[in-house]
Amino acid sequence: MKKFIMIFLLAFVAVVATACTENENEIKIGMVNWSDGIAISNLVKVIAEDELGYEVKLTTADVAPVFASVASGDYDYFLDAWLPVTHASYLEKYGDQFVEYSTIFEGALVGLVVPSYVEIDSIAELNAVAADFDGKIIGIDSGAGIMGLTETALETYDLSNFELLTGSGPVMTAELANAIASEEPIVVTGWQPHWKFGEFDLKFLEDPEGVYGAAETIKSIARTGAADDFPAFAQFLSNFSLTGAQLNGLMSAIYNSDDDAIDVTRTWVEDNADVVTGWLDGVEV
């Protein structure tokens, strides 16, 4: 009898565990701790949950494991793929294992960024004034595409007097803010759209060798079969795109608020109901 009860309990626990871990209505989205990715991912989560009835799980990780997880099927979507240059290495490595799904933003830029009061205007001028910057370029997480491009820039422009420091997006912006408060020279790995361009007077250093490429596109990528598993979400994401004003506005709202990003985003959705209605046009729930 005891053996029967034990077998029953084990079977019951297994059923409950399966029910808790398998949710056919849950969309798993990988998110990197970048301001645009945070804004885009939270915006999509709010709309998918409040308007389409899905449950969305956002998981924050570095960009390399996010691409790998979409390719392996552990994540359903990633909404912040910068193509064709910044994340080209991941496209080359995993491109046949996921789907480039939709265009979210056009005209994105990456490069080296300095405050506007810095007198130089080109990456080619950096070596001559390396001492002014303590020989440091303030970077972000090591797997980020912009870090690889900056390593290439160090070689292309023979920036032997500089060291690229690894950090994170928040650390980079904190260093930038501290330097600007004292009007000190600083050079960082930067990208646009980003809330820092609304908060500070900044400029991209010219890139005559074209290391960082021209304007890029922010795209969503999806695991194979995701669109079939979540058809209403896929229809919505096909309609979903942001202008610079929309994305910068949401990023700034999140940055300047003490509230949770999801709450700030929900307020943005309420204030931009007509835009959201357009994204949901033709979506069958």
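Couple of notes before you dig in:
- Subset of the stretch 207-226 that is modelled with pLDDT of 95 or more and hydrophobic (A, V, I, L, M, F, W, C) - its residue that is most open to solvent (accessible area, probe 1.4 Å): Val211
- Among the candidates Leu83, Leu43, Leu109, Leu52, the residue that is touching a Lys or Arg at 6+ places or on another chain (Cβ under 6 Å) and touching a residue at least 12 places away in the same chain (Cβ under 8 Å) is uniquely Leu83.
- Looking across the stretch 145-156, the residues that are surrounded by fewer than 23 Cβ atoms within 10 Å (Cβ to Cβ) and farther than 22 Å from Phe67 by Cα come down to Leu154, Glu155, Thr156.
Yes/no per residue for (1) within 18 Å of Phe204 (Cα to Cα); (2) surrounded by 13 or more Cβ atoms within 10 Å (Cβ to Cβ); (3) free of Cβ contacts under 8 Å to residues at least 40 places away in the same chain; (4) touching a Gly at 6+ places or on another chain (Cβ under 7 Å):
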position	(1), (2), (3), (4)
Glu119	yes, no, yes, no
Ile140	yes, yes, no, yes
Gly143	no, yes, no, no
Gly167	no, yes, yes, yes
Pro170	no, no, no, no
Ala177	yes, yes, yes, no
Ser182	no, no, yes, no
Val188	yes, yes, no, no
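- Looking across the stretch 25-43 at every residue that is touching a His at 6+ places or on another chain (Cβ under 9 Å) and part of a helix (DSSP H, G or I), the one that is surrounded by the fewest Cβ atoms within 10 Å (Cβ to Cβ) is identified as Ser35.
- Of the numbered criteria (1) open to solvent by less than 30 Å² (accessible area, probe 1.4 Å); (2) part of a helix (DSSP H, G or I), the one Trp82 fails is (2).
The values are calculated or read from the model by the stated rules, or taken from the named source; none is laboratory data. All values derive from a computational prediction rather than experimental measurement. We place every Cβ from the backbone using ideal geometry, glycine too, and count neighbours over all the protein chains shown. Accessible surface areas use protein heavy atoms only, side chains included; no ligands, DNA or RNA. Shrake-Rupley method; radii C 1.70, N 1.55, O 1.52, S 1.80 Å.
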